[in-house]
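Visitor: What follows is a single structure, and I will ask about it in a moment.
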Amino acid sequence: MNAKTWDKIATVVLYIISMLIVVLLVGFIGYIIYNGRDSLNLHFLTGDSLVDQAGGGIGPQLFNSFYMLFISLIITVPIGIGAGIYLSQYGKQGKILDFIRLCIETMASLPSIVVGLFGLLVFVNMTHWQYTILAGSLAIAVINLPSMARVSENAITAASSKVKEASLGLGSTEWQTIKKVILPSAMPQILTGIILAAGRVFGEAAALLYTSGMSTPALNYNNISLTNKMSPFSLFRPAETLAVHIWKLNSEGMVPDASKIATGSSAVLVIMVLLFNFLARFIGNKLYKAYSGK
Amino acid sequence: MEKRSFWRKFRTEYIGKGYATFCGLLLVALTLAIIFFVASKGIRTFTHDHYSIVDFLFSSKWQPDATKPLLGTAFFIVGSVIVSLGAVIISAPISIGLAIFMNLISPKLGRKVLQPALELFVGIPSVVYGWVGVIVLVPFIKRCFGGMGFSLMAGMIVLSIMILPTIASLASDAIKTIPHDYIEASYGLGATRWQTIYKVVVPACKNGILTGIVLGLARAMGEALAVQMVIGNSFKFVAGLTKPTITLTSILTMSMANTADGTPANDALWSLALLLLLISFMFIIIIRLIGRRGER
């Protein structure tokens, strides 16, 4: 066979591989949502989960997932952006910066179960908090920080290249330049990064098994205290997230309709991931247009 | 020009610089703390329980609750290595094919369809992969090959899908960095597109592709729940593709809550966590070495 035939064969094979991957993804997402469609109603999404009879919902788990995501973002975003600023603007090329980068790389490649065990040791046992939302949020923050720092660094470096000299030339200090000129124009990219990261940690489970625990106490939604164990907003109560719920249903599900709940919960998680992805794209585009004056 | 007072400079510069520096150093402190705490628990098996490292790594007698505990973890380690290697062997050719397709064959489809598809693959939570594995893949394997269905093969397939975006996006980045002149020159010499791909493009970005493969392997090694859900978790050596086995991460997720703090069984689990940490270090070092080779 000559080279041209080989070329055609290779092209066809690569087309087939690519199409198969797309079909796999569409099939995967379609399968979950189609099979979980019965569960996508208000009763399932807001109802309490039942221990020994069918028909329970995932209300508390869904709430926990969102709340923990929110708390962990409060921790991650300022520190991540701060570290990004340091890496991009203040850090001097050399041994120290190299070491910081090595540390970030190390953190980014830690298996999430190891982060969870670190959380168990430090945020659960050493603090004597037991399994808490705060411990879970801190563990998620540890997972999220390296990517947050990297996204911010890239965004800030890209945004500073053209405007920095101009701003410094007008007499502002480096920090004023960063705060008033660079950060606003780096914001769309950072925000996109935050939303994508949020989508990723929304489904995190391995790091939470031993930090925020696998159960949720009975909640009183009229209580808004940050420390009372009955309060849904308490930072110091155990909280099972949706992803952990799926894992638990699979490993020790005693509810008769465990399989149905797990499929429904998977559908909800996948829909959330889709939403986070679309939101990130949408906001990224919108802000990009706003800032680039189109 | 009037000199700025210290206080003014403090407000306009030092406070921000201090904050940014603090955040940078916090990441370092956090990394060191993770290593320190996990290591300090992980070495107890050897320092406190006086268990030998050789037995720990190479023996397969796992009876942590016996009066004289046996803490051989070889089959966890072998299970993790085999399932991850299998996943990479399935995933790497497909991912590299995807990366080539996205950049050289149809950049438009690549940008509009495959790039978003890969992003979604990354976003899907690992428990969802695990759960779909349990309700679709496991019954399928059971029907085709007999046995339980929960098997090494199921673990490999689930993992291979999970690491696909990692390898594909790194390979794609590597292909993007190839100077366009190379490709044009190859076409100019009369090479077909496929000849250009495997004689010019792939050799030129082999370091990037290798980095992707190593990162994929690292991700596969550290993945916990999806594998644990489908691999069957039998305390045995790998016996075949359709037989169940167990991995490092599975035993950690399953047993950590069932062992009391300070017992040999618990210490052994922490040693496994330390081992996972060391494995992920090893991968970082390998990636750095590949990168350095690329610079020369």
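Visitor: From the list B:113, B:122, which residue is more than 27 Å from residue B:247 (Cα to Cα) and either surrounded by fewer than 19 Cβ atoms within 10 Å (Cβ to Cβ) or at pLDDT 85 or above (or both)?
Guide: B:113
Visitor: Residues of region B:231-272 being facing chain A (nearest Cβ under 10 Å) and not acidic (Asp, Glu), which ones?
Guide: If the condition is that a residue be facing chain A (nearest Cβ under 10 Å) and not acidic (Asp, Glu), then B:233, B:248, B:249, B:250, B:252, B:253, B:254, B:256, B:257, B:269, B:270, B:272 are the ones that fit.
Visitor: I would also like to ask the following. Evaluate the following for residue A:197: is it over 24 Å from residue B:134 (Cβ atoms) and in contact with a Leu (Cβ under 9 Å, 6 or more places away or on another chain)?
Guide: yes
Visitor: Mind listing whichever residues of region B:180-208 are farther than 17 Å from residue B:105 by Cβ and either among the β-branched types (Val, Ile, Thr) or outside any helix (DSSP H, G or I) (or both)?
Guide: B:189, B:190
Visitor: Exactly one condition in (1) of a type in the set (A, V, I, L, M); (2) under 25 Å from residue B:160 (Cβ atoms); (3) without any contact (Cβ under 8 Å) to a residue 24 or more places away in the chain is false for residue B:85; which is it?
Guide: (3)
Visitor: Could you please let me know if residue B:145 is more than 11 Å from chain A (Cβ to nearest Cβ) and at pLDDT below 90?
Guide: yes
Visitor: While we're looking at this one, here's another question. Looking at (1) of a type outside the set (Gly, Ala, Ser); (2) surrounded by 20 or more Cβ atoms within 10 Å (Cβ to Cβ); (3) at the interface with another protein chain (Cβ under 10 Å from one of its Cβ atoms); (4) over 30 Å from residue B:192 (Cβ atoms), can you tell me which one residue A:21 breaks?
Guide: (4)
Visitor: At least 2 residues that are under 24 Å from residue A:278 (Cβ atoms), touching a Ser or Thr at 6+ places or on another chain (Cβ under 9 Å) and within 14 Å of another protein chain (Cβ to nearest Cβ) in each: list the helices (runs of 4 or more DSSP H) lying fully within region B:52-140 that qualify.
Guide: B:115-123, B:126-132
Visitor: Taking the options A:72, A:88, A:65, A:112, name whichever one is out of contact with any Pro (no Cβ under 8 Å at 6 or more places or on another chain), of a type outside the set (Phe, Trp, Tyr) and more than 11 Å from chain B (Cβ to nearest Cβ).
Guide: When all the criteria are applied, what remains is A:72.
Visitor: Among the candidates A:88, A:147, single out the residue that is within 19 Å of the chain's Cα centre (by Cα) and at pLDDT below 95. If you could, list the steps in order and put the result at the bottom.
Guide: Values: A:88 fails: within 19 Å of the chain's Cα centre (by Cα).
Every option except A:147 fails the conditions.
Visitor: Next up: Identify, by number, the condition in (1) within 30 Å of residue B:241 (Cα to Cα); (2) loosely packed, with under 13 Cβ neighbours inside 10 Å that residue B:70 doesn't meet.
Guide: Evaluating residue B:70 over (1) within 30 Å of residue B:241 (Cα to Cα); (2) loosely packed, with under 13 Cβ neighbours inside 10 Å leaves (2) as the failure.
Visitor: What are the residues in region A:163-179 that are in a helix (DSSP H, G or I) and either touching a helix residue (DSSP H, G or I) at 6+ places or on another chain (Cβ under 9 Å) or under 20 Å from residue B:6 (Cβ atoms) (or both), if any?
Guide: So the first thing to find is which residues in region A:163-179 are in a helix (DSSP H, G or I), and the list is A:163-169, A:174-179.
Matches in region A:163-179: A:163, A:164, A:166, A:167, A:168, A:174, A:175, A:176, A:177, A:178, A:179.
Visitor: Continuing with the same structure: Which one of A:250, A:223 is under 21 Å from residue B:230 (Cβ atoms) and either modelled with pLDDT under 85 or part of a helix (DSSP H, G or I) (or both)?
Guide: Exactly one residue qualifies, and that residue is A:250.
Visitor: Does residue A:130 fit the bill of being outside any helix (DSSP H, G or I) and closer than 9 Å to residue A:211 by Cα? Before the answer, list the steps.
Guide: Working: outside any helix (DSSP H, G or I): yes; closer than 9 Å to residue A:211 by Cα: yes.
So residue A:130 passes the test.
Visitor: Would you mind telling me which numbered condition in (1) assigned to a loop (DSSP other than H, G, I, E, B); (2) touching a Lys or Arg at 6+ places or on another chain (Cβ under 8 Å); (3) in contact (Cβ under 8 Å) with a residue 24 or more places away in the chain; (4) more than 11 Å from chain B (Cβ to nearest Cβ) residue A:182 fails?
Guide: (1)
The values are calculated or read from the model by the stated rules, or taken from the named source; none is laboratory data. Just so you know, these numbers come straight off a predicted model, no measurement behind them. Heads up, the Cβs are rebuilt from the backbone with ideal geometry, glycines too, and the neighbour counts pull from every protein chain shown.
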